[in-house]
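Every read-out reported here was derived from the displayed coordinates using simple, explicitly stated rules and does not represent laboratory data. All values reported here derive from a predicted model rather than from experimental measurement.
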Amino acid sequence: MATKKVYQSNVKNVVDSIEDITAKRLWLAGNHVKSVIQETLSGTRHGKVAKVPGTNKTYIQSAPGEAPAVMYGDLRKSISVQVNQEGKWLVAKIGTAQLKAMRLEYGGYGMAPRPYMKPSFEKAKPKVEEIINKRWF
């Protein structure tokens, strides 16, 4: 008497596993970009010496074209990573809700640009590609 073979689909498990790996990789890539942005927002600048408002402390302002100088560190601390499902896509968003962020990146109100996001993304790109393109299984 022949035994009947029963086929059981594992498609859902495979899709769930791929989505889980994708989310983890996006999170790792996003956090790498965040750390590069925070590194870009650190370090010495080459502009004028200025007083930190409300204190007796001084700092060196950024020169036009340099990443913004750190006065309080609020911009650097505000960089966040979110990985969300948008329709059928998983999307990583790295950025800040600080109102001054766009003005610093692109300039405005009489101030020259102090780019930090685009240079950071360019610097992080090889590692992000390595994280995303790593063997899946």
**Message:** For segment 1-100, I need the span (max minus min coordinate) of the C-alpha atoms along each principal axis, in Å, sorted largest to smallest.
**Reply:** 92, 22, 21
**Message:** Explain nothing, just the number: relative contact order of the chain, from Cα pairs under 8 Å at least 6 residues apart, as a whole percent.
**Reply:** 28
**Request:** Relative to the longest principal axis of the C-alpha atoms of the chain, give the angle of the C-alpha long axis of helix 11-40, reported between 0 and 90° and rounded to the nearest 10°.
**Result:** 10
**Message:** Given the DSSP H assignment, sum -39500 (n - 2.57) over each helix run of at least 4 residues in the chain and divide by its residue total; what's the result at 222 nm in deg cm²/dmol, nearest 500?
**Reply:** -14000 deg cm²/dmol
**Complete:** Taking 0.36 nm per residue of separation between Tyr7 and Asp20 and subtracting their Cα-Cα distance, the length gained on full extension comes to 2.2 nm
**Message:** If I fit a long axis through the Cα atoms of helix 117-133 and take the longest principal axis of the Cα atoms of the chain, what angle between them do I get, 0 to 90°, rounded to 10?
**Reply:** 20
